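Asker: Handing you this structure, nothing more for now.
The values are calculated or read from the model by the stated rules, or taken from the named source; none is laboratory data. The model shown is predicted, which means the values in this text are computed figures rather than measured ones. So basically every Cβ, Gly included, is an ideal-geometry build from the backbone, and we count neighbours across all protein chains shown. With ligands, DNA and RNA removed, areas are computed over all heavy atoms of the protein, side chains included. Shrake-Rupley method; radii C 1.70, N 1.55, O 1.52, S 1.80 Å.
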Amino acid sequence: MPSKKALVRRPSPRLAEGLVTHIDREKVDVDLAVEQWEGYVEALRGHGWETVEVDPADDCPDSVFVEDTVVMYKNVALITRPGAESRREETLGVEEAVASLGCSVNWIWEPGTLDGGDVLKVGDTIYVGRGGRTNAAGVQQLRAAFEPLGARVVAVPVSKVLHLKSAITALPDGTILGRIPQLDAPSLFPRFLPVPEESGAHVVLLGGGKLLMAASAPKTAELLADLGHEPVPVDIGEFEKLEGCVTCLSVRMRDLYA
């Protein structure tokens, strides 16, 4: 049976100081963000996911975006080396959490940098964005870690958004969702469905055809419902002010060994 565990991490009190790269800074309501995070976590739990809360990192403003700190493939956890130096302390608690779950742990080493938000898995194909936060050495180290396990790693140029998964995610059948203006090389994806809203490019596969997605993408939700999926909208507006999306607030662990 596939596992259904999800790593999550409570927002830092310093969340409003989080990094922004491709958008203008807006004021973040930290109390509202905590409420939205709790709603997000409850949505995961309500659809059969066991959430594993990583120890808080209160001095790390971006630490709620836990996906950037580790990439999972089968039972192997690859601890990242974030491209923003201010985020590198975030990996410590995550390393402890995945080790406690019995994962085999590997690491990205200097000079490599890799953010988990740059990694999209579609079956055994792993797309990795090469851009502002992930460098060529990071791509090479990810390839060395996962290709011997059966993965096919495809590097994708990223220059118009923060992370690869700021621009695309995938439906259960492998179709890539995205916005053409945000992509450097859409031709790399064999099946592509354009969506009408920027935040509509982001879905988390909950299982059973259910898709966790931002409430800010109602037109995309309607499109996906017409295609037979079941959107599960959550309000993550405060995190969107920091270039966050539904994927980066958790790490879904589907292939842990029993």
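Asker: What does DSSP give for the chain in terms of the percent of beta bridges that are antiparallel, rounded to the nearest 5?
Answerer: Details: 18 of 40 bridges.
Rounded to the nearest five, the antiparallel share is 45 percent.
Asker: Enumerate the amide H contacts of TRP107 below 5 Å, restricted to partners 5 or more residues apart or on another chain; note that Pro and chain-start residues carry no placed amide H.
Answerer: Under 5 Å from the amide H of TRP107 lie the amide H atoms of ILE79, each far enough along the sequence or on another chain.
Asker: Taking θ as phi - 60°, what are the ³J(HN,Hα) couplings along region 101-115 by the Karplus curve (6.51, -1.76, 1.60), each to the nearest whole Hz, with x for Gly and Pro?
Answerer: Working through the residues one at a time gives 8, x, 6, 7, 10, 10, 9, 8, 10, 4, x, x, 10, 8, 10 Hz.
Asker: Can you compute the radius of gyration and Dmax for region 1-97, using only the Cα atoms, both in Å?
Answerer: Over region 1-97's Cα set, Rg and Dmax evaluate to 14.1, 44 Å.
Asker: OK, next. About the Cα centre of region 72-124, what is the dipole size in debye to 20, counting +1 per Lys and Arg Cβ and -1 per Asp and Glu Cβ, all else neutral?
Answerer: Details: 5 positive and 9 negative charges, 35 e Å.
The dipole magnitude comes to about 160 debye.
Asker: Can you tell me the Rg and the Dmax, both Å, for the Cα atoms in region 22-76?
Answerer: In order Rg, Dmax, the Cα atoms of region 22-76 give 13.8, 39 Å.
Asker: While we're on this one: Heavy-atom accessible area per residue, the chain, 1.4 Å probe: how many Å²? List each step's numbers first, then the result.
Answerer: On the way: 11000 Å² over 258 residues.
Here the per-residue accessible area is 43 Å².
Asker: Using +1 at the Cβ of each Lys and Arg and -1 at the Cβ of each Asp and Glu in the chain, identify which of GLY244, GLY228, TRP49 lies farthest towards the dipole's positive end.
Answerer: GLY228
Asker: Further question on the same structure: Trypsin sites (Lys or Arg not before Pro), restricted to region 82-169: which are DSSP loop and have at most 14 other Cβ atoms within 10 Å?
Answerer: Working: sites: ARG87, ARG88, LYS121, ARG130, ARG133, ARG143, ARG152, LYS160, LYS165; in loops: ARG133, LYS160.
Qualifying residues, ordered by number: LYS160.
Asker: Which value, in Å² and to the nearest 10, is the accessible area of HIS22 when all protein chains are kept and the probe is 1.4 Å?
Answerer: Accessible area of HIS22: about 90 Å².
Asker: For the chain, what is the mean residue ellipticity at 222 nm derived from helices alone (per DSSP H run of n ≥ 4: -39500 (n - 2.57); sum divided by total residues; nearest 500 deg cm²/dmol)? Can you show the working numbers first?
Answerer: Details: 5 runs with 51 residues, N = 258.
Roughly -6000 deg cm²/dmol at 222 nm, from the helical runs in the chain.
Asker: Another question, then. Between region 1-69 and region 211-255, what is the C-alpha centre distance in whole Å?
Answerer: Taking the Cα centre of region 211-255 as reference, the centre of region 1-69 is 14 Å away.
Asker: Using only the alpha carbons of region 111-153, what is the convex hull's orientation-averaged projected area in square nanometres?
Answerer: Working: hull surface 10.6 nm².
Averaging across all directions leaves 2.7 nm² for the Cα convex hull.
Asker: Oh, and also: Calculate the dipole size of the chain relative to its Cα centre from +1 charges on Lys and Arg beta carbons and -1 charges on Asp and Glu beta carbons; express the result in debye to the nearest 20.
Answerer: 980
Asker: Just the Cα atoms of the chain: what Rg and Dmax do they give in Å?
Answerer: Values for the chain (Cα only, Rg and Dmax): 16.6, 46 Å.
Asker: Pop out the carbon and sulfur fraction of the accessible area of the chain as a percent, whole number, probe 1.4 Å.
Answerer: Working: 5580 of 11000 Å².
Within the chain, the accessible surface is 51 percent carbon and sulfur.
Asker: Same structure, new question: Which number gives the lysine pairs in the chain that have C-alpha atoms under 24 Å apart and are eight or more places apart or on different chains?
Answerer: 24
Asker: Report relative contact order for region 1-85 in percent, whole number only (criteria: Cα-Cα under 8 Å, sequence separation at least 6).
Answerer: Computed over region 1-85, the figure is 42 percent.
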